[in-house]
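Here the structure is laid out as C-alpha coordinates; the discussion comes afterwards.
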Amino acid sequence: MSVPLLKIGVVLSTMAMITNWMSQTLPSLVGLNNTKLSVAPPGVPDRSTGVLPANPEDSWQVYSSAQDSEGRCVCTVVAPQQTMCSRDARTKQLRQLLEKVQNMTQSIQNLDQRTQKDLQYVQRMEVQLRGLESKFKQVEESHKQNIAKQYKAIKAKMEELRPMIPVLEEYKADAKLVMQFKEEVKNLTSVLSELQEEIGAFDYEELHNRVSNLEERLRACMQKLACGKLTGISDAITMKTSGSRYGSWMTDPLAPDGDTRVWYMDGYHNNRFVREYKSMVDFMYSDNFTSHRLPHPWSGTGQVVYNGSIYFNKFQSNTIIKFDFKTATISRSGQLDYAGFNNRYHYSWGGHSDIDLMVDEGGLWAVYATNQNAGNIVISKINPLTLQVIKSYTTNHPKRSAGEAFMICGTLYVTNGYSGGTKVYYAFHTNSSTYEYIDIPLQNKYSHISMLDYNPRDRALYAWNNGHQVLYNVTLFHVIRSEEL
(Lines give C-alpha, C1' and ligand atoms only; values in the text may rest on other atoms or scores of the structure.)
Protein backbone atom coordinates (compact mmCIF):
# COMPACT_ATOMS: atom_id res chain seq x y z
CA MET A 1 0.00 0.00 0.00
CA SER A 2 1.37 3.37 -1.03
CA VAL A 3 1.83 6.23 1.46
CA PRO A 4 -0.96 8.45 -0.09
CA LEU A 5 -3.45 5.60 0.23
CA LEU A 6 -2.34 4.98 3.81
CA LYS A 7 -2.88 8.66 4.61
CA ILE A 8 -6.36 8.56 3.08
CA GLY A 9 -7.19 5.48 5.18
CA VAL A 10 -6.00 7.18 8.32
CA VAL A 11 -8.06 10.28 7.53
CA LEU A 12 -11.18 8.23 6.82
CA SER A 13 -10.66 6.21 10.00
CA THR A 14 -10.19 9.41 12.00
CA MET A 15 -13.35 10.93 10.49
CA ALA A 16 -15.29 7.78 11.34
CA MET A 17 -14.08 7.97 14.94
CA ILE A 18 -15.02 11.66 15.17
CA THR A 19 -18.43 10.99 13.67
CA ASN A 20 -19.00 8.12 16.09
CA TRP A 21 -17.92 10.37 19.03
CA MET A 22 -20.27 13.12 17.82
CA SER A 23 -23.23 10.75 17.64
CA GLN A 24 -22.65 8.96 20.96
CA THR A 25 -20.54 11.00 23.39
CA LEU A 26 -21.51 14.63 22.65
CA PRO A 27 -25.27 14.14 23.35
CA SER A 28 -24.49 12.67 26.76
CA LEU A 29 -22.31 15.68 27.58
CA VAL A 30 -25.14 18.11 26.88
CA GLY A 31 -27.93 15.91 28.31
CA LEU A 32 -29.17 14.51 24.99
CA ASN A 33 -28.76 10.78 25.44
CA ASN A 34 -31.93 10.10 23.46
CA THR A 35 -31.18 12.53 20.59
CA LYS A 36 -30.29 11.03 17.20
CA LEU A 37 -27.89 12.55 14.66
CA SER A 38 -28.82 12.93 11.05
CA VAL A 39 -26.71 13.76 8.10
CA ALA A 40 -27.81 16.56 5.84
CA PRO A 41 -26.26 18.93 3.38
CA PRO A 42 -24.55 21.91 5.01
CA GLY A 43 -27.00 24.59 6.05
CA VAL A 44 -30.09 22.46 5.30
CA PRO A 45 -31.78 20.82 8.29
CA ASP A 46 -33.13 17.35 7.67
CA ARG A 47 -36.71 17.34 9.05
CA SER A 48 -37.70 14.09 7.37
CA THR A 49 -36.20 12.01 10.16
CA GLY A 50 -38.08 13.91 12.85
CA VAL A 51 -34.83 15.14 14.48
CA LEU A 52 -35.72 18.85 14.37
CA PRO A 53 -38.92 19.37 16.42
CA ALA A 54 -41.80 21.49 15.22
CA ASN A 55 -40.98 23.83 18.12
CA PRO A 56 -37.17 24.17 18.55
CA GLU A 57 -37.75 25.66 22.01
CA ASP A 58 -38.90 22.32 23.45
CA SER A 59 -35.46 20.75 24.08
CA TRP A 60 -31.81 20.43 22.96
CA GLN A 61 -31.49 19.05 19.41
CA VAL A 62 -28.58 18.04 17.16
CA TYR A 63 -30.17 18.03 13.75
CA SER A 64 -27.28 17.83 11.21
CA SER A 65 -23.61 16.92 10.87
CA ALA A 66 -21.31 17.39 7.87
CA GLN A 67 -17.74 18.17 6.84
CA ASP A 68 -16.33 21.58 6.01
CA SER A 69 -14.00 22.33 3.09
CA GLU A 70 -10.97 21.25 5.15
CA GLY A 71 -12.48 17.89 6.10
CA ARG A 72 -13.45 18.81 9.68
CA CYS A 73 -16.69 17.42 11.08
CA VAL A 74 -19.31 20.11 11.68
CA CYS A 75 -22.33 19.52 14.02
CA THR A 76 -25.32 21.88 14.21
CA VAL A 77 -26.98 22.11 17.66
CA VAL A 78 -30.21 23.94 18.54
CA ALA A 79 -30.36 24.99 22.21
CA PRO A 80 -33.58 25.89 24.02
CA GLN A 81 -34.37 29.55 24.49
CA GLN A 82 -34.09 31.05 27.97
CA THR A 83 -37.85 31.49 27.97
CA MET A 84 -38.43 27.74 28.03
CA CYS A 85 -39.35 27.67 31.71
CA SER A 86 -42.14 30.13 31.20
CA ARG A 87 -43.81 27.66 28.89
CA ASP A 88 -43.22 24.60 31.04
CA ALA A 89 -46.43 22.86 32.15
CA ARG A 90 -45.29 22.68 35.76
CA THR A 91 -44.48 26.39 35.73
CA LYS A 92 -48.01 27.10 34.52
CA GLN A 93 -49.35 25.00 37.39
CA LEU A 94 -47.18 26.91 39.82
CA ARG A 95 -48.37 30.23 38.42
CA GLN A 96 -51.97 29.11 38.92
CA LEU A 97 -51.06 27.96 42.41
CA LEU A 98 -49.57 31.36 43.19
CA GLU A 99 -52.72 33.09 41.95
CA LYS A 100 -54.76 30.79 44.19
CA VAL A 101 -52.63 31.72 47.20
CA GLN A 102 -53.00 35.41 46.35
CA ASN A 103 -56.80 34.98 46.33
CA MET A 104 -56.52 33.27 49.70
CA THR A 105 -54.44 36.20 50.93
CA GLN A 106 -57.22 38.59 49.96
CA SER A 107 -59.78 36.42 51.78
CA ILE A 108 -57.60 36.38 54.88
CA GLN A 109 -57.19 40.17 54.73
CA ASN A 110 -60.97 40.59 54.64
CA LEU A 111 -61.30 38.07 57.46
CA ASP A 112 -58.63 39.87 59.45
CA GLN A 113 -60.29 43.27 59.04
CA ARG A 114 -63.58 41.90 60.40
CA THR A 115 -61.81 40.03 63.21
CA GLN A 116 -59.73 43.05 64.21
CA LYS A 117 -62.83 45.22 64.35
CA ASP A 118 -64.58 42.71 66.59
CA LEU A 119 -61.41 42.26 68.64
CA GLN A 120 -61.22 45.98 69.39
CA TYR A 121 -64.76 45.79 70.69
CA VAL A 122 -63.88 42.72 72.73
CA GLN A 123 -60.79 44.38 74.19
CA ARG A 124 -62.79 47.42 75.25
CA MET A 125 -65.36 45.12 76.81
CA GLU A 126 -62.61 43.21 78.61
CA VAL A 127 -61.20 46.41 80.09
CA GLN A 128 -64.66 47.33 81.33
CA LEU A 129 -65.15 43.86 82.81
CA ARG A 130 -61.77 43.92 84.53
CA GLY A 131 -62.48 47.39 85.85
CA LEU A 132 -65.87 46.32 87.10
CA GLU A 133 -64.34 43.30 88.80
CA SER A 134 -61.76 45.52 90.51
CA LYS A 135 -64.42 47.97 91.56
CA PHE A 136 -66.52 45.15 92.93
CA LYS A 137 -63.62 43.88 95.01
CA GLN A 138 -63.14 47.36 96.42
CA VAL A 139 -66.80 47.58 97.23
CA GLU A 140 -66.74 44.13 98.77
CA GLU A 141 -63.80 45.10 101.01
CA SER A 142 -65.48 48.25 102.21
CA HIS A 143 -69.12 47.30 101.85
CA LYS A 144 -69.96 48.83 105.19
CA GLN A 145 -69.36 52.26 103.65
CA ASN A 146 -71.76 51.67 100.76
CA ILE A 147 -75.48 51.53 100.57
CA ALA A 148 -76.73 47.96 100.63
CA LYS A 149 -78.83 48.43 97.49
CA GLN A 150 -75.88 49.63 95.41
CA TYR A 151 -73.76 46.80 96.71
CA LYS A 152 -76.30 44.17 95.70
CA ALA A 153 -76.80 45.73 92.25
CA ILE A 154 -73.09 45.75 91.50
CA LYS A 155 -72.67 42.21 92.76
CA ALA A 156 -75.52 40.96 90.61
CA LYS A 157 -74.10 42.69 87.53
CA MET A 158 -70.68 41.22 88.20
CA GLU A 159 -72.06 37.70 88.52
CA GLU A 160 -73.87 38.20 85.22
CA LEU A 161 -70.74 39.35 83.38
CA ARG A 162 -68.18 37.05 85.01
CA PRO A 163 -68.78 34.13 82.54
CA MET A 164 -67.86 36.47 79.68
CA ILE A 165 -64.23 36.74 80.80
CA PRO A 166 -63.09 33.23 79.71
CA VAL A 167 -65.04 33.66 76.48
CA LEU A 168 -63.15 36.88 75.79
CA GLU A 169 -59.87 35.07 76.38
CA GLU A 170 -60.85 32.45 73.80
CA TYR A 171 -61.77 35.13 71.29
CA LYS A 172 -58.36 36.78 71.65
CA ALA A 173 -56.79 33.39 70.91
CA ASP A 174 -58.94 33.16 67.77
CA ALA A 175 -57.63 36.52 66.60
CA LYS A 176 -54.08 35.20 67.01
CA LEU A 177 -55.05 32.19 64.89
CA VAL A 178 -56.07 34.48 62.03
CA MET A 179 -52.69 36.22 62.30
CA GLN A 180 -50.99 32.82 62.00
CA PHE A 181 -52.96 32.16 58.81
CA LYS A 182 -51.73 35.46 57.40
CA GLU A 183 -48.11 34.59 58.20
CA GLU A 184 -48.39 31.10 56.65
CA VAL A 185 -49.83 32.48 53.42
CA LYS A 186 -47.13 35.16 53.32
CA ASN A 187 -44.38 32.54 53.68
CA LEU A 188 -45.98 30.26 51.11
CA THR A 189 -46.30 33.11 48.64
CA SER A 190 -42.61 33.88 49.05
CA VAL A 191 -41.63 30.25 48.42
CA LEU A 192 -43.78 30.07 45.30
CA SER A 193 -42.27 33.29 43.96
CA GLU A 194 -38.76 31.92 44.40
CA LEU A 195 -39.83 28.65 42.84
CA GLN A 196 -40.97 30.48 39.72
CA GLU A 197 -37.44 31.88 39.35
CA GLU A 198 -35.68 28.58 40.07
CA ILE A 199 -37.98 25.86 38.81
CA GLY A 200 -37.20 22.46 40.17
CA ALA A 201 -35.65 23.72 43.41
CA PHE A 202 -38.62 22.45 45.44
CA ASP A 203 -41.00 19.55 45.18
CA TYR A 204 -44.18 20.67 43.44
CA GLU A 205 -46.41 18.04 45.05
CA GLU A 206 -45.28 19.06 48.52
CA LEU A 207 -46.09 22.69 47.83
CA HIS A 208 -49.47 21.75 46.35
CA ASN A 209 -50.31 19.78 49.47
CA ARG A 210 -49.31 22.71 51.67
CA VAL A 211 -51.57 25.06 49.73
CA SER A 212 -54.49 22.61 49.80
CA ASN A 213 -54.12 22.08 53.53
CA LEU A 214 -53.97 25.79 54.21
CA GLU A 215 -56.98 26.40 51.97
CA GLU A 216 -59.05 23.80 53.84
CA ARG A 217 -58.11 25.30 57.20
CA LEU A 218 -58.95 28.79 55.96
CA ARG A 219 -62.32 27.63 54.62
CA ALA A 220 -63.12 26.00 57.95
CA CYS A 221 -62.03 29.12 59.78
CA MET A 222 -64.16 31.41 57.61
CA GLN A 223 -67.15 29.12 57.95
CA LYS A 224 -66.86 29.18 61.72
CA LEU A 225 -66.40 32.95 61.76
CA ALA A 226 -69.52 33.33 59.62
CA CYS A 227 -71.49 31.64 62.38
CA GLY A 228 -71.76 32.41 66.04
CA LYS A 229 -73.99 32.91 69.02
CA LEU A 230 -76.40 35.85 68.94
CA THR A 231 -75.30 38.42 71.52
CA GLY A 232 -76.95 41.63 70.36
CA ILE A 233 -79.48 43.24 68.02
CA SER A 234 -79.22 46.83 66.81
CA ASP A 235 -81.98 49.42 66.90
CA ALA A 236 -84.55 49.21 64.12
CA ILE A 237 -83.65 50.81 60.78
CA THR A 238 -86.80 51.84 58.91
CA MET A 239 -86.44 51.17 55.18
CA LYS A 240 -89.99 51.96 54.07
CA THR A 241 -93.53 52.59 55.32
CA SER A 242 -95.98 50.67 53.18
CA GLY A 243 -98.83 48.17 53.23
CA SER A 244 -101.15 46.89 55.93
CA ARG A 245 -100.39 45.92 59.51
CA TYR A 246 -99.27 42.44 58.44
CA GLY A 247 -96.92 41.27 55.69
CA SER A 248 -93.44 40.10 54.78
CA TRP A 249 -90.48 41.32 52.74
CA MET A 250 -87.11 39.78 51.99
CA THR A 251 -84.10 39.42 49.70
CA ASP A 252 -82.62 36.18 48.32
CA PRO A 253 -79.59 35.05 50.40
CA LEU A 254 -78.36 32.95 47.44
CA ALA A 255 -78.82 35.63 44.78
CA PRO A 256 -75.73 36.11 42.58
CA ASP A 257 -73.49 39.14 43.03
CA GLY A 258 -75.21 42.28 41.81
CA ASP A 259 -78.71 40.87 42.30
CA THR A 260 -80.23 43.03 45.04
CA ARG A 261 -83.90 42.48 44.25
CA VAL A 262 -86.43 42.92 47.04
CA TRP A 263 -89.57 40.79 47.39
CA TYR A 264 -92.68 42.20 49.05
CA MET A 265 -95.90 40.42 50.16
CA ASP A 266 -98.70 42.41 51.79
CA GLY A 267 -101.13 40.63 54.13
CA TYR A 268 -101.17 37.17 55.69
CA HIS A 269 -103.89 35.37 53.69
CA ASN A 270 -106.13 35.52 50.65
CA ASN A 271 -103.44 37.17 48.50
CA ARG A 272 -101.47 35.81 45.55
CA PHE A 273 -99.41 38.78 44.31
CA VAL A 274 -95.71 39.16 45.04
CA ARG A 275 -93.97 42.43 44.19
CA GLU A 276 -90.44 42.39 42.82
CA TYR A 277 -88.32 45.55 43.15
CA LYS A 278 -85.07 45.73 41.16
CA SER A 279 -83.00 46.93 44.09
CA MET A 280 -83.20 48.14 47.67
CA VAL A 281 -83.00 51.71 46.40
CA ASP A 282 -86.02 51.16 44.14
CA PHE A 283 -87.85 49.59 47.05
CA MET A 284 -87.15 52.51 49.34
CA TYR A 285 -87.73 55.43 47.00
CA SER A 286 -90.05 54.34 44.20
CA ASP A 287 -93.17 52.36 43.39
CA ASN A 288 -91.68 50.72 40.31
CA PHE A 289 -92.11 46.98 40.65
CA THR A 290 -93.01 43.80 38.77
CA SER A 291 -95.95 41.77 40.03
CA HIS A 292 -95.89 37.95 40.14
CA ARG A 293 -99.14 36.00 40.59
CA LEU A 294 -98.84 32.81 42.62
CA PRO A 295 -101.02 29.79 41.73
CA HIS A 296 -102.41 29.67 45.30
CA PRO A 297 -102.87 32.22 48.10
CA TRP A 298 -100.34 32.04 50.92
CA SER A 299 -100.91 31.56 54.62
CA GLY A 300 -99.18 33.63 57.32
CA THR A 301 -96.02 35.71 56.86
CA GLY A 302 -93.42 32.95 56.91
CA GLN A 303 -92.46 32.97 53.24
CA VAL A 304 -88.85 32.94 52.00
CA VAL A 305 -87.16 33.56 48.66
CA TYR A 306 -84.24 31.16 48.27
CA ASN A 307 -82.07 30.56 45.21
CA GLY A 308 -84.54 32.12 42.76
CA SER A 309 -87.70 30.45 44.11
CA ILE A 310 -90.28 31.40 46.70
CA TYR A 311 -91.30 28.88 49.35
CA PHE A 312 -94.67 29.44 51.00
CA ASN A 313 -97.39 27.70 52.97
CA LYS A 314 -100.53 27.16 50.90
CA PHE A 315 -103.57 28.75 52.56
CA GLN A 316 -105.58 26.45 54.87
CA SER A 317 -103.22 23.50 54.49
CA ASN A 318 -99.92 22.11 55.73
CA THR A 319 -98.60 22.08 52.16
CA ILE A 320 -95.35 23.82 51.24
CA ILE A 321 -95.03 25.09 47.68
CA LYS A 322 -91.86 25.95 45.79
CA PHE A 323 -92.61 28.44 43.00
CA ASP A 324 -89.91 29.26 40.44
CA PHE A 325 -90.01 32.95 39.49
CA LYS A 326 -88.08 32.37 36.25
CA THR A 327 -90.49 29.79 34.83
CA ALA A 328 -93.57 31.06 36.72
CA THR A 329 -94.44 27.46 37.63
CA ILE A 330 -94.65 25.26 40.71
CA SER A 331 -91.44 23.24 40.69
CA ARG A 332 -92.22 21.20 43.80
CA SER A 333 -94.80 20.81 46.57
CA GLY A 334 -94.94 18.69 49.69
CA GLN A 335 -96.70 18.27 53.00
CA LEU A 336 -95.43 18.71 56.54
CA ASP A 337 -96.88 15.66 58.21
CA TYR A 338 -98.86 16.39 61.38
CA ALA A 339 -98.13 20.12 61.19
CA GLY A 340 -100.97 22.25 62.55
CA PHE A 341 -102.54 24.79 60.17
CA ASN A 342 -105.48 27.15 59.75
CA ASN A 343 -104.73 29.06 62.99
CA ARG A 344 -104.39 25.94 65.13
CA TYR A 345 -100.80 26.56 66.27
CA HIS A 346 -100.05 30.16 65.31
CA TYR A 347 -97.70 32.69 66.86
CA SER A 348 -99.21 34.79 69.65
CA TRP A 349 -100.23 37.52 67.18
CA GLY A 350 -102.39 35.07 65.15
CA GLY A 351 -102.55 35.64 61.42
CA HIS A 352 -102.51 32.01 60.20
CA SER A 353 -98.84 31.90 61.21
CA ASP A 354 -98.88 28.16 61.89
CA ILE A 355 -95.99 27.29 59.55
CA ASP A 356 -92.98 29.60 59.42
CA LEU A 357 -90.32 28.95 56.76
CA MET A 358 -86.86 30.39 57.30
CA VAL A 359 -83.28 30.26 56.03
CA ASP A 360 -79.92 30.42 57.76
CA GLU A 361 -76.31 29.51 56.93
CA GLY A 362 -77.26 25.82 56.86
CA GLY A 363 -80.20 26.04 54.47
CA LEU A 364 -84.01 25.85 54.60
CA TRP A 365 -86.02 25.25 57.79
CA ALA A 366 -89.67 24.95 58.79
CA VAL A 367 -90.97 25.87 62.26
CA TYR A 368 -94.41 24.64 63.29
CA ALA A 369 -96.22 22.65 66.00
CA THR A 370 -97.96 19.28 66.17
CA ASN A 371 -100.48 17.48 68.36
CA GLN A 372 -97.86 14.80 68.93
CA ASN A 373 -95.57 17.42 70.53
CA ALA A 374 -98.42 18.90 72.59
CA GLY A 375 -98.51 22.11 70.58
CA ASN A 376 -94.82 22.83 71.25
CA ILE A 377 -92.50 24.03 68.52
CA VAL A 378 -91.04 21.51 66.08
CA ILE A 379 -88.02 22.46 63.92
CA SER A 380 -87.49 20.60 60.64
CA LYS A 381 -84.55 20.85 58.25
CA ILE A 382 -85.97 20.81 54.70
CA ASN A 383 -84.31 19.72 51.46
CA PRO A 384 -84.88 22.76 49.20
CA LEU A 385 -84.98 20.61 46.05
CA THR A 386 -87.36 17.86 47.12
CA LEU A 387 -89.08 19.53 50.12
CA GLN A 388 -88.49 16.34 52.08
CA VAL A 389 -87.81 16.61 55.81
CA ILE A 390 -84.16 15.80 56.48
CA LYS A 391 -84.35 15.86 60.28
CA SER A 392 -86.73 17.19 62.94
CA TYR A 393 -86.17 18.51 66.45
CA THR A 394 -88.85 18.77 69.14
CA THR A 395 -88.71 21.61 71.68
CA ASN A 396 -90.49 22.33 74.94
CA HIS A 397 -91.65 25.82 73.91
CA PRO A 398 -95.39 26.31 73.16
CA LYS A 399 -95.89 27.71 69.67
CA ARG A 400 -98.79 29.93 70.72
CA SER A 401 -96.63 31.61 73.39
CA ALA A 402 -93.97 32.70 70.88
CA GLY A 403 -94.15 36.19 69.43
CA GLU A 404 -91.91 35.43 66.44
CA ALA A 405 -88.88 33.24 65.70
CA PHE A 406 -85.86 33.09 63.41
CA MET A 407 -82.89 30.77 62.74
CA ILE A 408 -79.19 31.73 62.92
CA CYS A 409 -76.45 29.12 62.48
CA GLY A 410 -78.74 26.23 63.37
CA THR A 411 -80.16 27.87 66.48
CA LEU A 412 -83.81 28.88 66.77
CA TYR A 413 -84.32 32.19 68.57
CA VAL A 414 -87.78 33.00 69.93
CA THR A 415 -89.19 36.35 71.09
CA ASN A 416 -91.40 36.73 74.14
CA GLY A 417 -94.09 38.71 72.29
CA TYR A 418 -94.97 40.88 69.32
CA SER A 419 -96.12 44.16 70.90
CA GLY A 420 -94.76 46.55 73.50
CA GLY A 421 -91.47 45.62 75.13
CA THR A 422 -89.97 42.76 73.17
CA LYS A 423 -86.89 40.63 73.63
CA VAL A 424 -85.34 37.40 72.40
CA TYR A 425 -85.51 35.12 75.40
CA TYR A 426 -85.37 31.48 74.25
CA ALA A 427 -82.80 29.65 72.11
CA PHE A 428 -82.84 26.04 70.92
CA HIS A 429 -79.55 24.67 69.51
CA THR A 430 -80.12 21.95 66.93
CA ASN A 431 -76.47 20.88 66.96
CA SER A 432 -76.86 19.67 70.56
CA SER A 433 -80.67 19.49 70.94
CA THR A 434 -80.41 21.73 74.00
CA TYR A 435 -82.08 25.00 74.93
CA GLU A 436 -81.37 28.00 77.12
CA TYR A 437 -83.09 31.16 78.24
CA ILE A 438 -81.43 34.39 77.17
CA ASP A 439 -82.17 38.11 77.39
CA ILE A 440 -81.50 40.13 74.22
CA PRO A 441 -83.59 43.32 73.82
CA LEU A 442 -85.38 43.83 70.48
CA GLN A 443 -86.58 47.34 69.74
CA ASN A 444 -90.26 47.16 68.79
CA LYS A 445 -90.36 50.58 67.20
CA TYR A 446 -93.91 50.45 65.84
CA SER A 447 -95.46 48.15 68.45
CA HIS A 448 -96.57 45.19 66.33
CA ILE A 449 -94.14 42.70 64.77
CA SER A 450 -95.81 40.21 62.42
CA MET A 451 -92.71 38.95 60.58
CA LEU A 452 -89.09 38.47 61.69
CA ASP A 453 -86.58 36.57 59.54
CA TYR A 454 -82.79 36.34 59.31
CA ASN A 455 -80.82 36.76 56.08
CA PRO A 456 -77.42 35.02 56.32
CA ARG A 457 -75.93 36.98 53.41
CA ASP A 458 -76.75 40.36 54.93
CA ARG A 459 -76.38 39.14 58.51
CA ALA A 460 -79.50 41.12 59.33
CA LEU A 461 -83.04 40.59 60.55
CA TYR A 462 -85.88 41.61 58.23
CA ALA A 463 -89.08 42.62 60.04
CA TRP A 464 -92.58 43.84 59.22
CA ASN A 465 -93.59 46.15 62.06
CA ASN A 466 -97.12 47.56 61.82
CA GLY A 467 -96.89 48.60 58.16
CA HIS A 468 -93.18 49.51 58.36
CA GLN A 469 -90.41 47.46 56.76
CA VAL A 470 -87.39 47.56 59.07
CA LEU A 471 -83.95 45.99 59.40
CA TYR A 472 -81.90 45.01 62.45
CA ASN A 473 -78.17 44.31 62.36
CA VAL A 474 -77.10 41.40 64.55
CA THR A 475 -73.95 40.77 66.57
CA LEU A 476 -72.70 37.19 66.53
CA PHE A 477 -70.00 36.01 68.89
CA HIS A 478 -67.49 33.64 67.29
CA VAL A 479 -65.50 31.10 69.28
CA ILE A 480 -62.98 28.97 67.37
CA ARG A 481 -60.67 26.42 68.94
CA SER A 482 -57.48 25.63 67.04
CA GLU A 483 -57.93 21.87 67.51
CA GLU A 484 -61.15 22.09 65.46
CA LEU A 485 -59.29 23.39 62.40
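Restricting region 246-265 to residues that are acidic (Asp, Glu) and open to solvent by less than 50 Å² (accessible area, probe 1.4 Å) leaves a set whose member that is nearest to the chain's Cα centre (by Cα) is ASP252. Listed by position, the strands (runs of 3 or more DSSP E) contained in region 271-340 that have at least 2 residues being exposed (fewer than 15 other Cβ atoms within 10 Å of the Cβ) are 290-293, 329-335. Of all residues assigned to region 386-395, at least one qualifies as being among the hydrophobic types (A, V, I, L, M, F, W, C) and in contact (Cβ under 8 Å) with a residue 12 or more places away in the chain. Of the residues in region 393-416, not one is open to solvent by 40 Å² or more (accessible area, probe 1.4 Å), among the acidic types (Asp, Glu) and on the phi < 0 side of the Ramachandran plot. Cβ-Cβ contacts under 9 Å between residues 6 or more apart (or on different chains), taken from a first residue in region 426-441 that is in a loop (DSSP other than H, G, I, E, B) to a second residue that is basic (Lys, Arg), are listed as THR430/LYS381; THR430/LYS391.
Among residues of region 295-318 that are closer than 15 Å to ARG332 by Cα, those with a Cβ under 8 angstrom from a residue that is open to solvent by 20 Å² or more (accessible area, probe 1.4 Å) and β-branched (Val, Ile, Thr), sequence gap 6+ or separate chain, pair up as PRO295/ILE330; ASN313/THR319. Pairs are defined by a Cβ separation below 6 Å, a sequence spacing of at least 6 or placement on different chains, a first member in region 329-340 that is under 19 Å from LEU385 (Cβ atoms), and a second member that is of a type in the set (Lys, Arg) and surrounded by 13 or more Cβ atoms within 10 Å (Cβ to Cβ); the pairs so defined are SER331/LYS322; ARG332/LYS322.
From the list LEU452, LEU471, exactly one residue is under 23 Å from LYS381 (Cα atoms), among the hydrophobic types (A, V, I, L, M, F, W, C), modelled with pLDDT of 95 or more and in a strand (DSSP E or B). Which is it? LEU452 is the lone residue from the list that is under 23 Å from LYS381 (Cα atoms), among the hydrophobic types (A, V, I, L, M, F, W, C), modelled with pLDDT of 95 or more and in a strand (DSSP E or B).
The values are calculated or read from the model by the stated rules, or taken from the named source; none is laboratory data. In this text, all values refer to a predicted model and were calculated from it rather than measured experimentally. Virtual Cβ from ideal backbone geometry, glycine too; neighbours counted across all protein chains shown. Side chains included, ligands, DNA and RNA excluded: accessible areas come from the protein's heavy atoms. Shrake-Rupley method; radii C 1.70, N 1.55, O 1.52, S 1.80 Å.
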